[in-house]
1. Could you check the range A:155-172 and list, in sequence order, the residues that are without any contact (Cβ under 8 Å) to a residue 60 or more places away in the chain and part of a loop (DSSP other than H, G, I, E, B)?
2. In the range B:1-10, which residue that is in a helix (DSSP H, G or I) and in contact with a helix residue (DSSP H, G or I) (Cβ under 8 Å, 6 or more places away or on another chain) is least open to solvent (accessible area, probe 1.4 Å)?
3. Within the range B:11-57, track down each residue that is open to solvent by 90 Å² or more (accessible area, probe 1.4 Å), of a type in the set (A, V, I, L, M, F, W, C) and not in a loop (DSSP other than H, G, I, E, B).
4. What is the residue count in the range B:150-194 for residues that are of a type in the set (Gly, Ala, Ser) and open to solvent by 80 Å² or more (accessible area, probe 1.4 Å)?
5. Checking the condition more than 11 Å from chain B (Cβ to nearest Cβ) and either out of contact with any Cys (no Cβ under 8 Å at 6 or more places or on another chain) or at negative phi (or both), which residue from A:His69, A:His90, A:His129 passes?
6. Within the range A:173-190, how many residues are open to solvent by 40 Å² or more (accessible area, probe 1.4 Å) and not in a helix (DSSP H, G or I)?
7. Out of all the residues in the range B:115-122, is one or more more than 17 Å from A:Thr85 (Cα to Cα) and open to solvent by 70 Å² or more (accessible area, probe 1.4 Å)?
8. If I ask for residues that are open to solvent by 50 Å² or more (accessible area, probe 1.4 Å) and away from every other protein chain (no Cβ under 14 Å), which ones from the range A:133-142 would you list?
Amino acid sequence: MSKLFPKSANRLPLQILLYLFVLGGIAMAGINYYATNKWANVGYAPVQPVPYSHKLHAGQLGIDCRYCHSNVEKSGFANLPTAQTCMNCHSQVKADSPLLAVVRQSYETGAAVPWVQIHMTPDYVYFNHSVHVTRGISCVDCHGRIDQMEIVAQDKSLTMGFCLECHRAPEEHLRDLRDPAQTVTRLDWIHPGGEKGQADQGVKLIQANKIAPPTSCSGCHR
Amino acid sequence: MRHVYFATFLIVVLAVSALGFRGDRFKHPPLELFPDMDHQAHLKPQAESAFFTDGRADRPLPPNVVAASLPLDAEDGLFRGKATDNSWLKTIPVAVDAKLLARGQDRYGIYCAPCHGALGDGNGITKQYGMSTTPSYLDERRLGLTAGEIFNVITNGSTQNKNMLPYADKLSPEDRWAVVAYVRALQRAQRGSPADVPAANRKELGL
């Protein structure tokens, strides 16, 4: 009877085992890299009904974020502007632009402008803008340099780890709201004293304003 | 075995080129393998709803309703800028102090300065782009406006040529009075004279 398997087959079980290890490693690396908001959500930049540019309006014209997102200090939800907010200027500036047809129509008929939502926390998470903004957390910490974006894209992952990183060490982000230069809507401000200056200021503010971000589950999952 | 590793390598390259890297820009809605309870059935602000015919979750006010936060009394000066005899208030009906002015300066910078300019001279950034009708607060007409009239411009928009739209949705009545106080301060500042500077501070300014 001739041999069914060549001699090299003796090494096969070991080789298969090794290969499974490599395959497992690749699968782990893939899941680690891809199965997270950092890949699935960061960079989301949907096509909007109006080619509105934050780079032009907030960056070049220097309009404050609160001119349009006017409830961000008062409520948990940062509203998108009404069509009238756009018409304040666009009844005279570029009043006939075809790019603004949707806005004009909305202003006249009251129909909604179908903006596409970009940032989203799951519905089992409680998030509130006003508590963050009125304590001195800037938009830039969670949204990136919106004032340099032609089209808004999600910049930060907004995962639970991202929220907790700051909740455990808010002094690295807190701004002193008594100083107009540090207004939360100034996205380019960084502490002139560098990281050390920022941390010192943050610690003082935490003591003065009794800032205590929740790190227990019920703070965000209520 | 070498072939198996090579095939695996090819598959990995293929997968990475299909899935891309972290931070890449994309237009399609984000991938959700397990929706968990991310999208629950309650209505959210400014969101869509299939239940109502206009498709909105936010419901518009029915005609003729008045928000409970507004006074029904038409003569309330604080909310309408009018005195009991229906004439415009000449003075600001809240206490004007440093705190109110600071609030007014802050709100003015956000909501008025893009057009009226930081000095109230009408030369805000939008003038260069075609908002040519924005007036200065320092011409005869605007200096003659009463506090109640300025309040009314913020609440209901300008009455002259209707070129300025209302800001009532962005500024609460208290904030509107703060802005009125700051507009008054701007008007005063532009017409100051050396005599207005307290004697102790004149030297600093070289007067």
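1. A:Ala169
2. Quick first cut of the range B:1-10, residues in a helix (DSSP H, G or I) only: B:2-10.
Okay, now just the ones that are also in contact with a helix residue (DSSP H, G or I) (Cβ under 8 Å, 6 or more places away or on another chain), so B:4-5, B:8.
Values: B:Val4: 59, B:Tyr5: 77, B:Thr8: 17 Å².
The qualifying residue least open to solvent (accessible area, probe 1.4 Å) is B:Thr8.
3. B:Ile11, B:Leu14
4. Taking the range B:150-194 and keeping what is of a type in the set (Gly, Ala, Ser), we get B:157-158, B:168, B:172, B:178, B:181, B:185, B:189, B:192-193.
When the remaining residues are screened for being open to solvent by 80 Å² or more (accessible area, probe 1.4 Å), the result is none.
Within the range B:150-194, residues that are of a type in the set (Gly, Ala, Ser) and open to solvent by 80 Å² or more (accessible area, probe 1.4 Å) number 0.
5. Numbers: A:His69 fails: more than 11 Å from chain B (Cβ to nearest Cβ); A:His90 fails: more than 11 Å from chain B (Cβ to nearest Cβ).
So the residue among A:His69, A:His90, A:His129 that is more than 11 Å from chain B (Cβ to nearest Cβ) and either out of contact with any Cys (no Cβ under 8 Å at 6 or more places or on another chain) or at negative phi (or both) is A:His129.
6. 8
7. Our first condition is that a residue be more than 17 Å from A:Thr85 (Cα to Cα); within the range B:115-122, this holds for B:117-122.
Within this subset, residues satisfying the condition of being open to solvent by 70 Å² or more (accessible area, probe 1.4 Å) are B:118-119.
Checked the range B:115-122: at least one residue is more than 17 Å from A:Thr85 (Cα to Cα) and open to solvent by 70 Å² or more (accessible area, probe 1.4 Å).
8. If we filter the range A:133-142 for residues that are open to solvent by 50 Å² or more (accessible area, probe 1.4 Å), which is where we start, we get A:134-135.
Selection gives A:Arg135 alone.
The values are calculated or read from the model by the stated rules, or taken from the named source; none is laboratory data. Keep in mind it's a predicted model, so treat the numbers as computed, not measured. For neighbour counting, all protein chains shown are included, and Cβ atoms are generated from backbone atoms with ideal geometry for every residue, glycine included. The protein model used for the area step is the full one, side chains on, heavy atoms only, and it has no ligands, DNA or RNA in it. Shrake-Rupley method; radii C 1.70, N 1.55, O 1.52, S 1.80 Å.
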